[in-house]
Amino acid sequence: MSDYVYESGLSTKRRRQRRTAITLLLTALLLFSAFWWAWSYIRTGGESSASASPTSTSTLTPGACADPTTITVNVYNATNRSGLARTAADALTAAGFTVGRVANDPENKSLPGNAEVRFGPAGEPYAVAFREDYGQAVSLAPTERNGTSIDVVLGDTFTGWAPFPETPPC
């Protein structure tokens, strides 16, 4: 007798069906995960839970404002759009802010929102005032550093600043 084994097309067909079922299951799982993430993002307004919670007591009194001449702003681009930080920095300079560094995000973070303001303990009043007076869906992110300067990190949905007032809101 021969050692030749005849395999019917049935086993090949079963393997194809099994592969198709696994592919469809993984695709459905991926889509479910994407929709779940999008729904979570929409419900929270794009802010992470860390940036949505108050971090410390602010020394800024209600009704205080961000005088652009007293704030040094570093502008960082967290997107892959070239020149976004320079354009935003030019608009801030035209509004009277002192702009420090303009570069890509040194933390190389992916920022799905509009913008994030990073600040140290001494810069908290400036960050809060900037967000209240000039921010558009800007989240606050405290960091461990010295100085009163703030970093404005532009995210994926940033398209530009709203028109700045002719005079500071002070």
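When the residues of segment 116-137 are narrowed to those that are among the aliphatic types (A, V, I, L, M) and under 15 Å from Leu92 (Cα atoms), which ends up modelled with the lowest pLDDT?
The selected residue is Ala129.
Within segment 34-52, which residues are open to solvent by less than 60 Å² (accessible area, probe 1.4 Å) and modelled with pLDDT of 70 or more?
Result: Ala34, Ala38, Ser40.
Looking at Thr98, Thr157, Thr69 in this structure, which one is modelled with pLDDT under 85, of a type outside the set (A, V, I, L, M) and at negative phi?
Thr69
If I ask for residues that are touching a helix residue (DSSP H, G or I) at 6+ places or on another chain (Cβ under 9 Å) and polar (S, T, N, Q), which ones from segment 80-118 would you list?
Those that are touching a helix residue (DSSP H, G or I) at 6+ places or on another chain (Cβ under 9 Å) and polar (S, T, N, Q): Thr98, Asn104.
Can you confirm whether segment 74-81 contains a residue that is of a type in the set (D, E, K, R) and either farther than 23 Å from Val99 by Cα or modelled with pLDDT of 85 or more (or both)?
Scanning segment 74-81, I find at least one residue that is of a type in the set (D, E, K, R) and either farther than 23 Å from Val99 by Cα or modelled with pLDDT of 85 or more (or both), so the answer is yes.
Take segment 108-137 and flag every residue that is touching a Gly at 6+ places or on another chain (Cβ under 8 Å) and on the phi < 0 side of the Ramachandran plot.
Leu111, Pro112, Gly113, Asn114, Ala115, Glu116, Val117, Gly120, Ala122, Gly123
The values are calculated or read from the model by the stated rules, or taken from the named source; none is laboratory data. Please read these numbers as outputs of a predicted model, since none were measured by experiment. Because the Cβ atoms are built from the backbone with ideal geometry, glycine has one as well, and the counts that use them run over all protein chains shown. Quick note on the areas: whole protein, heavy atoms, side chains included, nothing else; ligands and nucleic acids left out. Shrake-Rupley method; radii C 1.70, N 1.55, O 1.52, S 1.80 Å.
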